[in-house]
Amino acid sequence: MTSTADQVATIDQLRARDFPAQRAADGRVESGPGFHVADLRVSEDFWDADLTRIEEVLEEFEAELSVLVQVLTLRWGAPDVLDLTGSLERSAMGEPVPPPLDTLCGYVPELSIWRLDGRWVGLGVGQGDRELPFQLLVAIGEEGTI
C-alpha cells in the first residue's frame, strides 16, 4: 500500500507537470491536452470475490480517500464536490464531454475538487464494473474545463 505522503507527493508532481500536446500513458498516469489522471492505488480484481470482500475493499478505498481529502483540505481549504452524473448523461447522448471527464464519468461517480493556480485537482474512487478493481485516483485539469 502506498502511504498518504507518497500519494500527496504524486499529486504535487502532477500539478507541476506540463500537459502534453497528445494523449499518452506512462505507467499509472494518463495525460493529454489539458489533463493528467493517475491511479494512486488500485485494488485486486473481483472476478471470483464475494460481496463481503467487495464491500470491505470499497470501505478501505473510501477511508483512504477521506484521509487524502482531509490532508489536502488542511493545505488548500475545503473542496467542492463535482457530481459526474451530468457528464455521463451527456456522453451517453453523444454530446461532447471534455477530457478527462469523458472517461472518468464512466467509473467515478464524483470528485472532490480544488481550484489552484489555473488548474483543478480532483480526487475520487471508481470502479469500471463489478468485477474490476477499485481505483483511488487524482485528476488534474486546466481551469475552465469543469
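The values are calculated or read from the model by the stated rules, or taken from the named source; none is laboratory data. Treat the numbers as computed from the prediction; the structure is a model and nothing was measured. All Cβ positions, even for glycine, are placed from backbone atoms using ideal geometry, and neighbour counts span all protein chains on display.
Filtering segment 73-103 to residues that are closer than 18 Å to ARG15 by Cα, in contact with a helix residue (DSSP H, G or I) (Cβ under 8 Å, 6 or more places away or on another chain) and of a type in the set (A, V, I, L, M, F, W, C) leaves only LEU101.
In this structure, does SER87 turn out to be touching a Cys at 6+ places or on another chain (Cβ under 6 Å) and of a type in the set (S, T, N, Q)? Spelling it out, SER87 is indeed touching a Cys at 6+ places or on another chain (Cβ under 6 Å) and of a type in the set (S, T, N, Q). Here SER87, SER31 are screened, and the one residue that is touching a strand residue (DSSP E or B) at 6+ places or on another chain (Cβ under 7 Å), among the small types (Gly, Ala, Ser) and within 20 Å of GLY128 (Cα to Cα) is SER31. Against the test of being of a type outside the set (A, V, I, L, M, F, W, C) and under 21 Å from ALA16 (Cβ atoms), the options ARG130, ARG53, ARG90, ARG115 yield a single qualifying residue, ARG115. Within segment 128-144, the residues that satisfy the criterion of being crowded, with 20+ Cβ neighbours inside 10 Å and farther than 15 Å from VAL81 by Cβ are PHE134, GLN135, LEU136, LEU137, VAL138, ILE140, GLY141. ASP26 falls short on exactly one of the conditions (1) under 17 Å from the mean Cα position of the chain (by Cα); (2) at pLDDT 95 or above, and that condition is (2). Out of contact with any His (no Cβ under 7 Å at 6 or more places or on another chain), within 21 Å of VAL121 (Cα to Cα) and modelled with pLDDT under 95: does that describe LEU88? Yes: the conditions hold for LEU88.
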